[in-house]
Amino acid sequence: MGPIPTYDPATIEPEWQERWARDHTNEPDLARPTRPFYNLMMFPYPSAEGLHVGNMFAFTGADIFGRFKRLQGHDVFEPIGFDAFGIHSENYALAVGIHPATLIPRNIATFRRQLRRFGGMFDWRHELSTTDPAYYKWTQWLFLQLFKAGYATRKKAAVNWCPACKTVIANEQVIDGFCERHPDVRVEQRFLEQWFFSITRYAEQLLRNLDTLDWSSSTIAMQRNWIGRSEGAELVFETPGGERITVFTTRPDTVFGATYLVLAPEHPLVDPLTADEQRADVRAYQRQVAAKDIVSRKVGDKTKTGVFLGSYARNPATGETIPVWIADYVLMEYGTGAIMAVPAHDARDFDFATQFKLPIRRVVRPEKAGAEDALPFESHDGVLVNSDRFDGLSCAEGAKRIVGWLAERRLGVSRVQYRLHDWCISRQRYWGPPIPIIYCERCGPVAVPEQDLPVELPFIEDFRPDDTGVSPLARHREWYFVKCPSCGGEGRRETDVSDTFLDSSWYFLRYPSSDVSERPWDPGLTRTWLPVTTYIGGNEHAVLHLLYSRFITMVLHELGHVEFAEPFPKLRAHGLIIKDGAKMSKSRGNVVVPDAYIQKWGADTFRMYLMFLGPFQEGGDFRDEGITGVRRFLDKVWILAHEAAQATAAPLAPAVERKMHQTIRKVTADTERLDYNTAIAAMMEYVNEVRSADGGTRNAVEPLLIMLAPYAPHIAEHLWRVLGHDASVFRARWPVADERLAASGDVEVAVQVNGKVRSRLLLSRGLSEGDVKRLALEDATVQKFVDGKPVKKAIYVQDRLLNLVV
Ligand SMILES: [Zn+2]
Ligand SMILES: [Zn+2]
């Protein structure tokens, strides 16, 4: 036997990366695939110096899946790109004092180098960046399609304003009243003209289609909650002056218990309903609320604030007049901006009524006598009381009858309500695609003609936003003033840029067609490759990116631009990598940079180590110890393969053959489910089995190398060649387990506790008594009968029976 060379990933990994590029190994024929498989992962924001270990964790998991599908015979398209516009990148540029037009391409170069170095199966021919005018030309085109269809409108709205970001930020970027990016800066509320996309018109479809999607249940739950459908009714409370206050309620059954009304402080009826003696207090309160952000108004405090308007309205059920208040916990954009307060059956109303000494009237009792019935009693399981002719009805039946009764008098109607809001897509910032609209005094807002796209983002040296709420683009005079495309008169450009989430709402449509210039995507390529086969990404994008992409696809489908309404039929959410028990972040100083690890251990070891930290869909805690174990495993594989290359052909020992088929069975099933950690553990076990038998043989090692290839592609390629194959290991076929051989090693062992059979375990033949005892005690049924008592004696009949005496 000749000497075995040392395993040196620093040499072989770059060699294989060059070879893949040279041989176009990772570039499927997009025009003529046999079994197209679009393996999509969420593209990164190049808003930092480089990728951190959390990005690598996500990309590795998605890359393993793509490589696995390829070995199963699919033509896998795995593209990558850069979500390079937006506030993340712009704020980073501000922080380091370099213009984003210089900084972002530099960051992208670093990201690209890192992505190549970790060994992703990316098709670099189709790389894209959202900042490329050839890309954002079509982002602007997309805006125009929505504008022309009436889905993009301008309206004044209450928005969250971060005085440090100097821009509007989304609700989910407000954390306990503070800016996500500026934890010391309190978010304010401003009223600004903004562009909105009418996503709420698709609320029902967005919700209903969730039932047809094969997605992680956690992501589905987050979307469902975000859309927030609630069934209820609109009820009308009339004032003596003839005003009609319409409230939305999910509990029309409790209307007899409504003892006051609360309007949002911005409600248009506040002014006409305010009594003169209350006007000063009401104004002061409105000003106080205006300074608060929307999220903390939604979350609310136990201590309520509010002001009485000095006027009254009639409860449509009881006929009584009840006082009208304003309070910040009622929001203008939810429901009708007014609620009926039923303090006996709503905790928030209860706190408010208690604080301001307003009447509380019970109208629901629990069905069973003696059940917990303390106020506020919020349960729907009850019967109506103090509700006139509806007494004794269940809540559900009462709600239906009461709405019917009020409807006859035109004071009520059934209604479905959503928590989802329209999507505010304008940003008063610099680093984004300009919204392609021209304002003309004669014509109003006019679409930039499609042949004039892209409206290029002009270079502005000082791109910092100021406090005016006007985008820095307005400072570029030659760009700002323009002829109206409709009448030729004086016009000026829209100076807002669009939200980054618009850039990423359609990038998956562009990837296969990234080299097409005359339209956003080629219809033939789109038909072949879309919708996306599998999308793998983090739940931090569960409600924004994923919801917006679904909405945009639905609109494009409705307008006849794509043939499907759902872009991602299958989606899996990965977990998070934490460090020392906390999420990695710059402010905590616990961000792990992958480069040094890859340099020291190799990309293959690092990839496998990340996947070995915990279940991919749950995440894990990053620690330095443990990486040597993974490296030792690859060292063993290295030696086995070199031994196999020199060994004479020999049939497998029966134990190795059985173990091999068991391993193939397990690694196949686990990889399909993204249970990468347990698949790795199974390969490690197999390697130990082969080593303890008679060392590496070709028959034992070849299937292992194929199974290892998605996880550790470089070493698998290298050793495949050592075994004499000229073609890439990715041209091989995934091994198939022989079920008969895999099962031949299994025996059923009966487990008795004190002489009675309590459970039967399917185990590999020939386990030691100690192993069987340990496995039996891990069995839930056995545990129940052992009940924590110490095992006094164990009797084991090899491969048949275990009796535990407790
Ligand atoms: Zn901020
Ligand atoms: Zn005009």
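Please treat every number below as a calculation from the coordinates, not as lab data. Small disclaimer: the values here were computed from a predicted structure and weren't measured. Neighbour counts run over all protein chains shown; Cβ positions are idealised from the backbone, glycine included.
Quick notes on this structure:
- Across the options 611, 593, 567, the greatest Cα extent toward the positive end of the charge dipole of region 567-662 (unit charges at beta carbon of Lys, Arg, Asp, Glu) belongs to 567.
- Mean shadow area of region 307-461, taken as a quarter of the surface of its Cα convex hull (nm²): 17.2 nm²
- Region 62-104 and region 322-359 have Cα centres spaced 47 Å apart.
- Karplus 3J(HN,Hα) series, Hz, for region 597-605 with 6.51 cos²θ - 1.76 cosθ + 1.60 (x for Gly, Pro): 5, 5, 5, 6, 9, x, 5, 4, 4
- Length gained on full extension, residue 204 to residue 681, computed as 0.36 nm times the residue gap minus the Cα-Cα distance: 167.3 nm.
- The mean sequence distance of close C-alpha pairs (under 8 Å, at least 6 residues apart), as a share of the length of region 619-776, puts its relative contact order at 24 percent.
- Here the calculated FRET efficiency for residue 381 and residue 334, from their Cβ-Cβ distance with R0 = 25 Å, stands at 0.45, rounded to the nearest 0.05.
- Positive-pole candidate from 4, 28, 100, dipole of region 1-108, charges at beta carbon: 28
- Distance between modelled label sites at residue 723 and residue 806, nm, 7 Å Cα→Cβ extension: 4.6 nm
- Computed over the chain, Cα set: Rg, Dmax in Å: 32.4, 103
- Paramagnetic label zone (point 7 Å from Cα along Cα-to-C-beta, residue 320; backbone N under 12 Å) in region 331-358: 342-344, 358
- Between residue 582 and residue 757, the FRET efficiency from the beta-carbon distance, with R0 = 35 Å, is close to 0.15.
- Were the residues from residue 468 through residue 623 laid out at 0.36 nm apart, the gain over their Cα-Cα distance would be 51.1 nm.
- Order of 557, 545, 661 under a 10 Å beta carbon neighbour criterion, fewest first: 557, 545, 661
- Of the cross-linked pairs 756/792; 579/773; 166/583; 756/789, those separated by over 25 Å at the C-alpha level are 579/773; 166/583.
- In range of the label at residue 171: residues from region 322-340 whose backbone nitrogen is under 16 Å from the point 7 Å along Cα→Cβ: 328-338
- Kirkwood analysis of region 664-806, using all unique Cα-Cα pairs, places the hydrodynamic radius at 17.7 Å.
- A Stokes-Einstein calculation at 20 °C with viscosity 1.002 mPa s, built on the Kirkwood radius of region 1-67 over Cα pairs, returns a diffusion coefficient of 139 µm²/s.
- Theoretical gain in end-to-end length, residue 244 to residue 21 [0.36 nm per residue, Cα-Cα removed]: 73.3 nm
- Each Cα pair of region 334-378 feeds into the Kirkwood radius, which the Stokes-Einstein equation turns, at 10 °C and 1.306 mPa s, into a diffusion coefficient of 138 µm²/s.
- Candidates per GluC sites (Glu not before Pro) in region 458-532, loop by DSSP, up to 10 other Cβ within 10 Å: 461, 518
- Figure legend: label point modelled 7 angstrom from the Cα of residue 164 along Cα→Cβ; residues of region 450-473 with amide N under 18 Å from it are 464-467.
- Averaging 1/r over every pair of different alpha carbons in region 109-193 and inverting the result gives a Kirkwood radius of 16.6 Å.
- Region 62-161 - convex hull of the alpha-carbon atoms, volume per residue in Å³: 182 Å³
- Qualifying trypsin sites (Lys or Arg not before Pro) in region 376-480, where qualification requires a DSSP coil assignment and no more than 14 other C-beta atoms within 10 Å, comprise 409, 410, 442.
- Shape summary: region 164-278 maps onto an equivalent ellipsoid whose semi-axes, from the alpha-carbon gyration tensor, are 33, 26, 14 Å in decreasing order.
- With contacts taken as Cα pairs under 8 Å at a separation of at least 6 residues, region 465-505 carries a relative contact order of 32 percent.
- R0 of 56 Å, Cβ-Cβ distance residue 591-residue 389: FRET efficiency to nearest 0.05: 0.30
- Ranked by the mean number of other Cβ atoms within 10 Å per residue, highest first, peptides 320-333, 725-738 order as 320-333, 725-738.
- Ordering of 707-714, 30-37 by burial proxy (mean other Cβ atoms within 10 Å per residue, highest first): 707-714, 30-37
- Fraction of the pair-distance distribution of region 372-489 above 24 Å, Cα-Cα pairs, percent: 58 percent
- Where the Cα pairs of region 45-96 fall when distances are cut into 5 Å bins, in %: 5, 17, 19, 18, 14, 11, 8, 5, 2, 1
- Summarising the label geometry, the points placed 7 Å from Cα in the beta-carbon direction at residue 459 and residue 765 lie 7.6 nm from one another.
- Here the relative contact order of region 251-403, from alpha carbon pairs under 8 Å that lie six or more residues apart, stands at 29 percent.
- Convex hull projection area averaged over all views, region 233-292, Cα basis, nm²: 5.1 nm²
- Reach of residue 292 by Cα under 19 Å, taken over aspartates and glutamates that are not fewer than 8 positions away in the same chain: 172, 176, 180, 184, 188, 193, 266, 281, 301, 328, 333, 467
- Region 207-261: equivalent-ellipsoid semi-axes (sqrt of 5 x gyration tensor eigenvalues, Cα, Å): 37, 11, 9
- In region 147-200, the chymotrypsin sites (Phe, Trp or Tyr not before Pro) that fall in loop regions by DSSP, at most 13 other Cβ within 10 Å: none
- A crude spin-label estimate for the pair residue 558 and residue 639, with each label 7 Å from Cα along the Cβ direction, gives 6.5 nm.
- Among beta bridges identified by DSSP and lying wholly in the chain, the antiparallel ones come to about 75 percent.
- Listed residues 630, 71, 447: farthest to the positive end of the dipole of the chain (Cβ charges): 630
- The charge dipole of the chain, taken about its Cα centre with unit charges on the Cβ of Lys, Arg, Asp and Glu (plus for the first two, minus for the last two), comes to roughly 1000 debye.
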